[in-house]
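Notes follow once the structure below has been shown.
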Amino acid sequence: AAILLTFGPEGFGKRRRGNEGYWGKVSSTVDWCEENYLWTPYIAEPYNTFSSFLLCLAGAVPLIQYVRHNAELHFKVLALTLIAIGLGSVVFHATLVPWGQALDEVPMLWLGMVAAYGVLENPYKDTRYGVVLPVGLACWALVISIVNVTFEGALQVVAFHTSFAISEIFFLGGSIRLHNASPDPKVRNLFIIALVLYALSILGWSCDNLLCGKLQNLPYGVPNPEFHAWLWHGGVGYASYCLMMAHFLERQRVLGNSETSLVWRGLIIEPTAPKEA
């Protein structure tokens, strides 16, 4: 049977689980802090469900820019996997069932592998590792994906979180290295903005999990701030967009292309030549 990770000790305040809806009893390995099925019997976690579309948007915007600026294939695949994560997250939070959880987590594994490929290849103008690197990363992602959808319980939890955490740390470490290598202060600032947003997003994710009882029982009738929805989905979505664009701009510099700086158009990052920035 699947193990249910329900964070937020009762000592922090009594945690309310909500109701049981159309998709039945929660059978995913994690139940988030949002109370279940309060709006409708068809959507387990409405805030977490609808905020997941922010992840789709965070992938769609750079995808359009990558197509417009003729980016290399792995950048487009990276954006597509982020869109897939958003769609999977919609299904997962709406249902809280294992197959919905897999639709959320499997694309995250592949995103990590595509990001790792970029971190290793982007600093070099010519391909350094040939087909060995993408094939190796794809095989690893496939193995963990099979484990993720085939097994339940501790093995599934450990395999997914370990693999994703390693790829995430690797990607963030590579981002810091590219930040240090970039001669453009605007691109370096973009890396810093993204990393700060990631830190705040992780903080929100942790508070939502570990302090759930408190967040559901705030004084003076203050509602649960739903950190997983807005700080995690929103924050990590925009942080991912910033990092993806920063990596793209630094890659353009390595390739000798003209568009190696940026201008801000509201929240949108537009590649441009340094003299236009």
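Structure summary
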| quantity | calculated |
| --- | --- |
| Cα-based Rg of the stretch 125-277 normalised by 2.2 N^0.38 Å, two decimals | 1.30 |
| Relative contact order [Cα under 8 Å, 6+ residues apart], the stretch 204-277, whole percent | 18 percent |
| Probe 1.4 Å, accessible area per residue of the stretch 124-172, Å² | 63 Å² |
| Residue (of N148, W39, L172) at the positive-pole extreme of the chain, dipole from beta-carbon charges | L172 |
| Length released on extending from T40 to V149, taking residue separation times 0.36 nm less the Cα-Cα span | 36.5 nm |
| Debye intensity ratio I(q)/I(0), log10, the stretch 19-62, q values 0.21, 0.30, 0.32 Å⁻¹ (C-alpha model) | -0.71, -1.05, -1.13 |
| Stokes-Einstein diffusion coefficient of the stretch 67-107, Kirkwood radius over Cα pairs, 25 °C, 0.890 mPa s, in µm²/s | 225 µm²/s |
| For the chain, calculated [θ]222 nm from helices alone, where every DSSP H run of n ≥ 4 adds -39500 (n - 2.57) | -20500 deg cm²/dmol |
| Which label in (1) 37, 25, 18; (2) 47, 20, 15; (3) 35, 22, 15 gives the computed semi-axes √(5λ) of the Cα gyration tensor in Å | (3) |
| Across the chain: Cys residues that no other cysteine approaches within a C-beta distance under 4.7 Å | C56, C139, C207, C242 |
| Chain lengthening between W264 and V132 when straightened (0.36 nm per residue, less Cα-Cα) | 43.8 nm |
| For the chain, size of Cβ-based charge dipole, Lys and Arg +1, Asp and Glu -1, in debye | 480 debye |
| Rounded percent of accessible protein surface that carbon and sulfur make up, the stretch 123-277, 1.4 Å probe | 70 percent |
| Carbon plus sulfur fraction of accessible area for the stretch 40-86, probe 1.4 Å, in percent | 76 percent |
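The values are calculated or read from the model by the stated rules, or taken from the named source; none is laboratory data. From a predicted model like this one, the values you see are computed outputs, not experimental measurements. Every residue, glycine among them, receives a Cβ derived from its backbone with ideal geometry; neighbour counts consider all protein chains shown. Please note that ligands, DNA and RNA were not included when accessible areas were found on the heavy atoms of the full protein model with its side chains. Shrake-Rupley method; radii C 1.70, N 1.55, O 1.52, S 1.80 Å.
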